[in-house]
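Following: one structure in C-alpha cells, then a few remarks.
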Amino acid sequence: MTHMDILEELKRHPYEYARKYKSERGRPIVGYFCSYTPEELIFAADTLPFRLFGTGEHIRLADTHLQAYCCSLVKGALEDAMTGRLDFLDGVVFPHTCDTIQRLSDIWRLNLPLGFHMDVVLPVKLNALSSRRYMIDVLMEFRRNLENAFRKKITDEALLDSLNTYNRIRLLLQKIHDLKYEYPGVIAGEDLHSIMMASMIMDRSELADVLERIAGDLESRKNTSPSPPGERIVLSGGSCNLLDIYGIVEEAGAAVVGDDFCTGSRYYEGLLTIDMNPVEAIAERYLTRNVCPAKHSGLSTRADNIISVVRERKAGGVVFVLLKFCDPHAFDYPSLKGALDQEGIPSTLIEIEDQSSADGRVKTRLEAFIEMLKRKDRKEGELSGAGK
Amino acid sequence: MNSAGIDIGSISTKAAIMNDGVLMGTKVIFTGYNAEMAGKKVLDTVLAELNLPPESIDLVVATGYGRKSMASADKIITEISCHAAGARYLNPRVRSIIDIGGQDSKAILIDENGSVIDFVMNDKCAAGTGRFLEVMAGALEVDLDKFGEISLRAESPSKISSLCTVFAESEVISLISKGESRENIIAGIHESICGRISAMTHRIGIKPPVMMTGGVAKNIGVVRALERIIGTPIEVSMYAQENGAIGAAFLAQNLAAV
C-alpha cells in the first residue's frame, strides 16, 4: 500500500480505523467537532482526537431529537451515536460554535452514555480586551477536565511535545496545499480530500510521518505534473462535514487554488509559538488565526482574507460552498459576496447537504460559472491584446 | 453553415436550426422518460419539417438538464450561457433574463456583449417553477394554457402563503372549498411564484431591459404580475420557450467561426 492508499482507506472506513486503533493501542479516543477544539490538549493527554463528520447514513433515530433545520453534520453524527456506530468513543468535546452544535451537546449529554462530555466555551469576540484572558482560562479548565477524566497528568513536557507534533503536521499540510495550489495537476482534489480527512482522525505522530513522505513525493514530481485546467477557483464557506468539494469542482473543469475552510486552510494555518507557556500558545493561535463566522474579530476580516487569497493565488473567482441549514455561514454570505462584487471578483453559491446532493444541479451551476469566467478571461485577453 | 441547438429540459425538449446566423426553424416536444431519445427525436422532426437532411448540420450544441445524455452533440454548454446567447440573438439590447422552466428558475445578468456577468438559480424545490403551475392546474381542473387569461380577470388575487408546492396545493384546495373564484386563486398562484422570482432577481440586481424566457413566459398572467412586482416592463419573444435552444444554435455558429 502506498501512503495515499493508507489515507484513502482511512477516509473510507474511519470507524473501523478507530476500533482497531483502540484494541491495538489501548488508547482512549475523544470525538470532537470543529477546529475550535484544542486538539493539542487532547493529544497531550495520550488520547486520540477523532473529528466527527457523520457517515451520511439514512437518518432514522436522530430526527426524534432534531428539527428539520439542522445541518447534515449534526444529524449524521447524532445518528451514528444513537445507532452505536460511535461506541468506540471514550468522550466527546463540543466547542461553542453555532446554536445547533450547542443543542447537540445537550441532547448528547441527556441521551447517550458515552463517557467524558465537555463543552469548550471559547469567547465569541476575539478582539475584545478580555478575550485573551478568557480564552486562556477556558483552555486551562479544559486541561484539568481532561486530566480528571482520564486520570492522567498533562505535563508541560507532554504538551510541548504535542505542540511540536501539531506544528510539524500543520507545516506539512501547508506545504502540500501550497504545492497543490501552485501546481494543481500534482495531486487530484480527491486525494487532497483524503489527506485532510485522515489528518483529523489518524494517530498524529504517524500522520506526520505519512505527510512528510507525501509532501516529498509531490515536491519531486511537481515539475512533471500535468498542466492544470484554465480556471482557478478559491473556495469559501464551510463544509464542516468535509465533503469532497475539491473533486466536484475539478470535475466541473476548474482547479481549486485556495480556500478558507475550517477543514482546509484554517485547520493548518498559524503555528504555535514554542517559547511561551504552551496553553497561552494555543490561545494565541486561535486569537490570530482567520475566524469562522461563529466568531468575530472585526467587521471585514473574513472578506479581507478571501480577497487577499484570491489576489495572491491569481484566482478568477470564488465558489461559496454552504452546508444546507448552516446559519452562521448563510448570514455572512451576502456581505462577503458584496465585498467581492465591489472588487470585481465573480462568485457563485452552491448549497449542499451531503455528497449525493452534489448532483446535476450543483454541477450545472459550477459549469455555468466556469463558462462565465472563461468568457471573461477571453475578453480581457482580447482587450489587452488590442491595446498593444 | 448550418447549426443545431438542442435544449433537453425536464418537461420539454426544444430544437433550433440556424443557417449563417439566421434562425430557420424550431420545434418543441415532451421530454418523457428518455432524455437522449427526446434529443434525437426533436432534431429529426425539425429537420424533416425544414426538409433538411441530417448531414447538412455542421455542428450540434446540447444544453439543458439532459445535455450530457446527447452523445451526438459536438459540444455541451450550460443553459445559463445558452439563454444569454439566445436573448442576445433575439434582442441584443437585453441586459437581464428571467427564465422559468419546468424544474428550475433562474435570473441572469448580461453585459453589452451578451456575456454573463452574474446569475442565480432556484433549484431547491418546485415552488417558483413550471411544475408548480402544473400541479395547481391539476388541482383546479383548468387547462394550463388558460391560466394566463383567466388570471387577468381576477378581482382580488387570493393569498397563497406557503412556499412549498405540496402545502400550497392544500391551501388552494381549501380556497376551492371556501368557494373562492378560479380567477382569484390562479392570480394568487401567479403572485406567489412572482414573489419568489423577484426575491431571486434582487440577489443579483437585475437591470432593464428584461426578457423573460422558458415555458412559463407563455403565461401572460405571470408576466404581468412579475412586471408589477419588479417594476419594469418585461419583453417576451415568440420564441420564449425555445430561447435556450436558439442560444445553443447561435453559440454553435460562433464556434464554427473560430
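The values are calculated or read from the model by the stated rules, or taken from the named source; none is laboratory data. Everything quoted here is computed from the prediction, not taken from an experiment. Here Cβ is always computed from backbone atoms with ideal geometry, including for glycine, and neighbour counts include all displayed protein chains. When the accessible area is computed, the model is the full protein with side chains, heavy atoms only, and any ligands, DNA or RNA have been set aside. Shrake-Rupley method; radii C 1.70, N 1.55, O 1.52, S 1.80 Å.
Consider B:Phe167 carefully, then state whether it is among the aromatic types (Phe, Trp, Tyr), out of contact with any Gly (no Cβ under 7 Å at 6 or more places or on another chain) and away from every other protein chain (no Cβ under 14 Å). Spell out how you get there, then give the answer.
Details: among the aromatic types (Phe, Trp, Tyr): yes; out of contact with any Gly (no Cβ under 7 Å at 6 or more places or on another chain): yes; away from every other protein chain (no Cβ under 14 Å): no.
So B:Phe167 does not fit the description; no.
Do you know which residues across segment B:89-121 are open to solvent by 20 Å² or more (accessible area, probe 1.4 Å), over 23 Å from A:Val319 (Cβ atoms), within 12 Å of chain A (Cβ to nearest Cβ) and not polar (S, T, N, Q)?
B:Glu112
Could you run through segment A:186-236 and say how many residues are part of a helix (DSSP H, G or I) and open to solvent by 30 Å² or more (accessible area, probe 1.4 Å)?
Our first condition is that a residue be part of a helix (DSSP H, G or I); within segment A:186-236, this holds for A:186, A:189-199, A:204-224.
Next, from what is left, pick out any that are open to solvent by 30 Å² or more (accessible area, probe 1.4 Å): A:190-191, A:205-206, A:209, A:212-213, A:216-217, A:219-224.
Counting residues in segment A:186-236 that are part of a helix (DSSP H, G or I) and open to solvent by 30 Å² or more (accessible area, probe 1.4 Å) gives 15.
State whether the residues of segment B:200-223 include one that is among the small types (Gly, Ala, Ser) and without any contact (Cβ under 8 Å) to a residue 60 or more places away in the chain.
Residues of segment B:200-223 among the small types (Gly, Ala, Ser): B:205, B:214-215, B:217, B:221.
From the residues that got through so far, the ones that are without any contact (Cβ under 8 Å) to a residue 60 or more places away in the chain too are none.
Checking segment B:200-223: not a single residue is among the small types (Gly, Ala, Ser) and without any contact (Cβ under 8 Å) to a residue 60 or more places away in the chain.
Does A:Leu336 satisfy being more than 10 Å from chain B (Cβ to nearest Cβ), open to solvent by less than 50 Å² (accessible area, probe 1.4 Å) and in a strand (DSSP E or B)? Even if it seems obvious, please write down each step before you answer.
Values: more than 10 Å from chain B (Cβ to nearest Cβ): yes; open to solvent by less than 50 Å² (accessible area, probe 1.4 Å): yes; in a strand (DSSP E or B): no.
Here the answer is no, as A:Leu336 does not meet what is asked.
Look at segment A:270-301 and say how many of its residues are modelled with pLDDT of 95 or more and among the charged types (D, E, K, R).
3
Could you check segment B:110-197 for helices (runs of 4 or more DSSP H) lying wholly inside it with 2 or more residues that are modelled with pLDDT of 85 or more and either in contact with a Lys or Arg (Cβ under 8 Å, 6 or more places away or on another chain) or within 30 Å of A:Glu380 (Cβ to Cβ) (or both)? Talk me through it step by step, then tell me what you get.
Values: elements: B:130-140, B:147-152, B:165-177.
Helices (runs of 4 or more DSSP H) meeting the threshold: B:147-152.
Would you check if there is a residue in segment A:288-310 being hydroxyl-bearing (Ser, Thr, Tyr), outside any helix (DSSP H, G or I) and within 28 Å of A:Pro346 (Cα to Cα)? Spell out the reasoning first.
From segment A:288-310, those hydroxyl-bearing (Ser, Thr, Tyr) are A:288, A:297, A:300-301, A:308; that's our starting set.
Okay, now just the ones that are also outside any helix (DSSP H, G or I), so A:297, A:300.
Retained after the next criterion (residues that are within 28 Å of A:Pro346 (Cα to Cα)): A:297, A:300.
There is at least one residue in segment A:288-310 that is hydroxyl-bearing (Ser, Thr, Tyr), outside any helix (DSSP H, G or I) and within 28 Å of A:Pro346 (Cα to Cα).
Quick one: how many residues across segment A:88-102 are over 14 Å from A:Leu146 (Cα atoms), open to solvent by 40 Å² or more (accessible area, probe 1.4 Å) and either among the small types (Gly, Ala, Ser) or touching a residue at least 24 places away in the same chain (Cβ under 8 Å) (or both)?
Taking segment A:88-102 as the starting set, the residues that turn out to be over 14 Å from A:Leu146 (Cα atoms) are A:88-89, A:95-102.
Keeping just the survivors that are open to solvent by 40 Å² or more (accessible area, probe 1.4 Å) gives A:96, A:99, A:102.
Filter once more, so that each one left must be either among the small types (Gly, Ala, Ser) or touching a residue at least 24 places away in the same chain (Cβ under 8 Å) (or both): A:96, A:99.
Adding up the residues that qualify gives 2.
In segment A:43-60, how many are open to solvent by 20 Å² or more (accessible area, probe 1.4 Å) and either touching a Phe, Trp or Tyr at 6+ places or on another chain (Cβ under 8 Å) or closer than 10 Å to A:Asp203 by Cα (or both)?
Residues flagged as open to solvent by 20 Å² or more (accessible area, probe 1.4 Å) and either touching a Phe, Trp or Tyr at 6+ places or on another chain (Cβ under 8 Å) or closer than 10 Å to A:Asp203 by Cα (or both) within segment A:43-60 amount to 3.
Results for (1) within 11 Å of another protein chain (Cβ to nearest Cβ); (2) more than 23 Å from the chain's Cα centre (by Cα); (3) without any contact (Cβ under 8 Å) to a residue 40 or more places away in the chain, shown as yes or no for each residue.
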{"site": "A:Glu312", "(1), (2), (3)": "no, no, no"}
{"site": "A:Asp327", "(1), (2), (3)": "no, no, no"}
{"site": "A:Ile345", "(1), (2), (3)": "no, yes, yes"}
{"site": "A:Arg361", "(1), (2), (3)": "yes, yes, yes"}
{"site": "A:Phe369", "(1), (2), (3)": "yes, yes, no"}
{"site": "A:Leu373", "(1), (2), (3)": "yes, yes, no"}
{"site": "A:Glu382", "(1), (2), (3)": "yes, yes, yes"}
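Report those strands (runs of 3 or more DSSP E) wholly inside segment A:28-123 carrying at least 2 residues which are closer than 26 Å to A:Arg266 by Cα and of a type in the set (A, V, I, L, M). Steps first, answer last, please.
Details: elements: A:29-32, A:48-51, A:91-95, A:116-120.
Those strands (runs of 3 or more DSSP E) span A:29-32, A:91-95, A:116-120.
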